[in-house]
Structure formats: structure tokens, C-alpha cells
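Here, each number is a calculation from the coordinates, and none is a lab measurement. Nothing here was measured: the structure is a model prediction, and the numbers come from that model. Neighbour counts are summed over all protein chains in view; Cβ atoms, including those assigned to glycine, are modelled from backbone coordinates with ideal geometry.
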Amino acid sequence: MDVTSQRTGGALIVSVEGRVDGANARKFQKAVESVIDDDDGAVILDMENLSYISSAGLRSILLIAKGLQKRTAQFAVCSLQDAIGEVFRIVGFDKIVTIHSSQGDAVAAMGS
Amino acid sequence: MVRPYKILVVDDEPDLEPLMLQRMRRHIRAGRYSFVFARNGLEALDRLNEDGDIDMVLSDINMPQMDGLTLLEQIPKVDPNIRSVIISAYGDMKNIRTAMNRGAFDFVTKPVDFKDLQITIERTLAHMMEWREALSYRDKLVSIQNELEVASRIQQSILPSEFPDDLRYQVYGNMEPARDVGGDFFDIMLLDEGQIGLAIADVSDKGVPAALFMMSCRTLLKGVAIGLTEPGAVLGEVNDLLHEDNETMLFVTVLYAVYNPSTGEFTYASGGHDPPLLIRSDGSVSLLPLTDGIALGVVPELNYKQHKITLSPGDTVVLYTDGVTEAQNTDGSAFEVDGLHQIFAGSSAYLKAREGTDLVFEKVREFMGEASQFDDITCLTLHRDT
């Protein structure tokens, strides 16, 4: 699991690569939270290179989203691989987390 | 206040005692060291047994009655955590080597250089403290491990081990936990008017918080299910109860179904759980449609949709958790829903519920081979006979 970040068009884009499972979900959450600044108004989690996510990883995403929601920052995920999209759909999180098909779409929708 | 380190000095030379006390007086006054003395190995052993709080032994080798090398062998029998330093003649490598082999931590040579001795004492004490700390961590770890094992057994013991005995249908479930306590459970509830409630669930994450969440989820589900017959309403109610004060964002995916043995009606609602597998009596296999519910515990006041099918005699429904479909082999590929399809495609109308569940476990295990199990594996099978 690897986390990198950059700021584009008013949004913070955090890209995650590899697998997020029970063993590294907390590390993943900490890594993402550590790159988020207090004044980031929009955070996009880019999952293009995320190959697997377990329910523990989904929980980490909920916690990240909750943290942002508390200070009314926007949050979305983008570029989900088919299998990851299927996981989101089954668990029903496609209804509670905003999903964009590409990073460009996400930035266009959220950036200022 | 921290007590001084207690050092037992063993030497048949009577002059060493006043000299040691004099040269170490600053450290004694500062409350860092305290000294006790013995004139030979036997006396030293007596002191060790009597005092019980000696941290370190500083011993000469050549002494009457019991020499230092014999003493070294005896010290661990009194307390394996005591560290020993040997005082030897300069260049006496043979005895020094023997002493080290017998567990001495270090040595100093005669005539004793007290500055060097003090450094050696500090190094020995530092090592001893690290050792003790490591031991206490190990003990804590062992006790946590034991508690986790107990928790895991408790979890196993709440799963149904007896299954309804009815000529009209069979139901059989099994759960195989991964190493940590955690996640999955299934339940079978006898409801009003001869209906039965079937639940299978998977809590996000592992460990003690997840296990506690799972226990409360199971209890709530059981309590709510007995009072309500609509699966969607049951999930809605349990969701609200779980959501209260759920700062941890733990969630649980649940598939809850009510089966009516008289009519064959099977009504289910999914809270973010994988769809059940339906095997018709002609051996055709399909996934039942999702009901679009969100995993429980995350968002309050949800309406859970439900879906109803009718089982004909010879039909089978298999409920499972993602421990089945996401089981990995050594190449890193997953069992997938396809694996389940393959198990049951062309199954006989006389497939038994137990046989169905056992087959899933057998095939998943076969698929995994030497790969380790990361997630709980759970499967619950319902079969309509007549």
C-alpha cells in the first residue's frame, strides 16, 4: 500500500496504490489524514491503482470522510477499478460516498 | 521512591568490603546502589535466598567452600533474572571463558579499577532492566493472546450448533474464523407461525472492538427479529440501534431472510451483504438480486427494501460471507462468485443443506491450498425438501 498526494484545481488528490486490508487499514487512514491540511476544502481519493480493499479499508474511508464532514470539507473517491466499484455497490457505500469515474471529473465537480 | 539497585559482592578478601563502600560512597549516598557482602559461594547463596531483592552479583572466582564458577551455576536456580559479573585475575582467560559460558554477563580484572567497575555495573544494570522490560511485555502479550483466544471461543459458542429438525426443509451453517477474533456470524431463529429467520453477517475489521460490535449486533438482530416478520423492517430497526453512538464507524453487512416452510416463500433483505446463491432443483445456479441496502451502523433511518422468491421442493439457497468469495490461493487470485457457481452447477435436487455447506468449505480450502486464511469464512445453506 502506498499513498501519494498533490494539489490540483483547488482540490487535494490523494492516490492510493496496492491493497488495503485489515493489516494496513489503520496505516492507510493515518497516511491519508496526514497529507490533508486543515484548510483543504475538497479531498479526492484516487483509487485508480487500488487493487483490493477489505471491509476494514472501507471503514477507514468512512472515518476519513467523517473527519472531513465535521469541518464541512468535500470528499469524493474516483477512478475505481471494476472489482472495487462492485464492493462499493454491494456494501451500499455508492449511496453514501460520492464516486466519480475519473480524477478530471472529480476535480471539475469539486474544485473551486 | 525508586529503591537502590542491590548488589551482592562475593569475595573472601575482607579488605574489599570497606574499600567498595568507600569508593562507591557517592553512588550509595545518591541512592543508586546498595551493597551486601558474602565471603564465599555458600554464604552468597544464603544471602540470595534470604534477601530476594538482589539485582546483581559481583563475585570473585577463587574462594573457599564454594568458588565463583560453581556459584554462577547456582544463581539462575534462585532467580534467572539476576545478572552476574566476575572478578578474575588479569589474563586468566580460561576461567573468564568458563564464567561467560556459565552465564556471567561481564568480568572485571584484579586489581579492581573502580571507575571501570562502576561502568561495568551500570552496563549490567541497564541490560538487566531491558531484560525485565522485555519479560513484562512478553507476559502482557501472552495474557492478551489468552484473552483473545477466550473471546474467540465465546464467539464460536454463540453460533447455532443445533439445527431445526423438520421434514419440510433443512438448514445448516458453519463458520471458520481467521486467526483474530472478529467478524462473521450466522443465526437461525424460530419465529411465529412456524417461520424461520436466517441471518448471516460480517463485521468490518477484526479484533476486540469488532468482536464486541458483532456480539451486540447479533443480540439486537435476535431481539428485533422475534418481534417483526418483515426482513426489511428488521434491518432498519437494527441499523438505527447500531448507529447510535457509533463513533468508531464499525459497520456490519447483514443478509436477513425469513423462510416460510409451508409456502416455500423466502423473503430477504440485504444490508450491504453479498447476494445469496439460488440453486434450482434442475441444477441451474443464479445470484439473487441485491436489494440495494447499505451496511448497518453507518447512516440512520434507512428503509431497507426486501425481495421475495418462492422455493420449490428441491431448491437450495446458499448464504455466504466474502471470506468465501475473497479466499485467495497462493497465486493471489480469489475464489470469486464463479467458484461458488462451479460448486453447485448441476447439483442434484436431493442436495442436503449440510452437504452444501460442507462442500463450500471443502472447495474453498482446496482452492486456498497452502495460502493463509485472512478472513472468517461463513456459509449457511437452506434446502426445501417438500
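Once you place label points 7 Å from the Cα toward the Cβ at B:ARG138 and B:GLU366, how far apart are they in nm? My value for the distance between the label points is 4.4 nm. Size descriptors for the range A:2-110 (Cα atoms only): Rg and Dmax, in that order, 12.4, 34 Å. Over the range B:275-386, the Kirkwood radius and the radius of gyration, each from Cα atoms, give a ratio Rg/Rh of 1.01.
Secondary structure note: in the range B:158-384, about 100% of the DSSP beta bridges are antiparallel. When only Cα pairs below 8 angstrom with a gap of at least 6 residues are kept, chain A shows a relative contact order of 29 percent.
Let me make sure I get this right: for the range B:5-137, a, b and c are the square roots of the gyration tensor eigenvalues over alpha carbons, sorted descending. Under 1.5 in a/c it's rounded, otherwise prolate if a/b > b/c, else oblate. Which is it? Spell out each step's value before the answer.
Details: a/c = 1.26, a/b = 1.06, b/c = 1.19.
Judged from the Cα gyration tensor, the range B:5-137 comes out rounded (a/c under 1.5).
Sorted largest first, the spans of the alpha carbon positions of the range B:220-290 along the three principal axes are 48, 25, 14 Å. Treating each Cα of the range B:158-384 as an identical point scatterer and summing with the Debye formula, the log10 of I(q)/I(0) at q = 0.18 Å⁻¹ comes to -1.37. Relative to the longest principal Cα axis of chain B, at what angle does helix B:41-51 sit, 0 to 90 degrees, rounded to 10? Rounded to the nearest ten degrees, it is 50. Result for chain A in a Gaussian network model with C-alpha springs under 10 Å: among A:GLN81, A:GLN29, A:GLN69, the largest mean-square fluctuation is at A:GLN69. Run through the DSSP bridge list for the range A:2-110 and note the antiparallel percent, rounded to the nearest 5. Once the DSSP bridges in the range A:2-110 are tallied, antiparallel ones form about 30 percent. Across chain B, counting alpha-carbon atoms alone, Rg and Dmax equal 34.3, 101 Å.
Of the GluC sites (Glu not before Pro) found in the range B:225-282, those that fall in a DSSP loop while having at most 16 other beta-carbon atoms within 10 Å are B:GLU244, B:GLU247. Look at the dipole of the range B:1-73 built from charges on Cβ: of B:HIS27, B:LEU69, B:VAL10, the Cα furthest out on the positive end belongs to B:HIS27.
Each Lys and Arg adds +1 at its Cβ and each Asp and Glu adds -1 at its Cβ; summed about the Cα centre, the range B:212-318 shows a dipole of about 340 debye.
If you run the Gaussian network model on chain A, springs between alpha carbon atoms under 10 Å, then out of A:ASP82, A:ASP21, A:ASP40 the most flexible one is A:ASP82.
Can you list which of the chymotrypsin sites (Phe, Trp or Tyr not before Pro) found in the range B:72-141 are DSSP loop residues with at most 11 other C-beta atoms within 10 Å? Kindly include the intermediate steps, with their values, before the conclusion.
On the way: sites: B:TYR90, B:PHE105, B:PHE107, B:PHE114, B:TRP131, B:TYR137; in loops: B:TYR90, B:PHE105.
Counting only loop positions with at most 11 other Cβ atoms within 10 Å, the chymotrypsin sites (Phe, Trp or Tyr not before Pro) in the range B:72-141 are B:TYR90.
For the range B:1-72, take N as its residue count and report Rg(C-alpha) divided by 2.2 N^0.38 Å.
Expressed relative to 2.2 N^0.38 Å, the Cα Rg reads 1.09.
Both radii are taken from the alpha-carbon atoms of the range B:51-94; with Rh as the Kirkwood radius, Rg/Rh is 0.99. Distance distribution P(r), the protein assembly as shown, all Cα-Cα pairs, bin width 20 angstrom from 0: 20, 34, 20, 21, 5, 0 percent.
Per-residue 3J(HN,Hα) values for the range A:25-32, derived from phi via the Karplus relation 6.51 cos²θ - 1.76 cosθ + 1.60 with θ = phi - 60°, read 4, 5, 4, 4, 4, 4, 4, 5 Hz in sequence order (x marks Gly and Pro). In a simple Cβ point-charge model (Lys, Arg +1; Asp, Glu -1; nothing else charged), the range B:275-386 has a dipole of about 520 debye relative to its Cα centre. Sequence-ordered 3J(HN,Hα) estimates for the range B:183-188 from the Karplus curve with 6.51, -1.76 and 1.60 and θ = phi - 60° stand at x, 8, 7, 9, 8, 10 Hz, glycine and proline given as x.
Using helices alone, what [θ] at 222 nm do you get for chain A, with -39,500 (n - 2.57) per DSSP H run of 4 or more residues, divided over all residues and rounded to the nearest 500?
Computed ellipticity for chain A at 222 nm equals -12000 deg cm²/dmol.
Rg then Dmax, both in Å and based on the Cα atoms of the range B:159-265: 14.4, 46.
Which chymotrypsin sites (Phe, Trp or Tyr not before Pro) does the range B:270-360 hold that lie in a coil by DSSP with at most 11 other beta carbons within 10 Å?
Numbers: sites: B:TYR304, B:TYR320, B:PHE335, B:PHE344, B:TYR350; in loops: B:TYR304, B:PHE335, B:TYR350.
For chymotrypsin sites (Phe, Trp or Tyr not before Pro) across the range B:270-360 that sit outside H, G, I, E and B with at most 11 neighbouring Cβ atoms in 10 Å, the list reads B:TYR350.
As a test of the formula, what do you get for chain B when each DSSP H run with n ≥ 4 contributes -39,500 (n - 2.57) and the sum is divided by the residue count, at 222 nm and rounded to the nearest 500 deg cm²/dmol?
Numbers: 11 runs with 150 residues, N = 386.
Estimated from H runs of four or more residues: -12500 deg cm²/dmol.
Taking other residues whose beta carbon is less than 9 angstrom from the beta carbon of A:LEU12, and scoring Lys, Arg as +1 and Asp, Glu as -1, yields -1. Each residue of the range A:77-90 is assigned a 3J(HN,Hα), and the resulting list reads 10, 8, 6, 6, 5, 3, 5, 5, x, 5, 4, 4, 5, 4 Hz, derived from the Karplus form 6.51 cos²θ - 1.76 cosθ + 1.60 (θ = phi - 60°), x at Gly and Pro. Net charge dipole, the protein assembly as shown: roughly 1340 debye, given to the nearest 20, about the Cα centre with Cβ charges of +1 for Lys and Arg and -1 for Asp and Glu.
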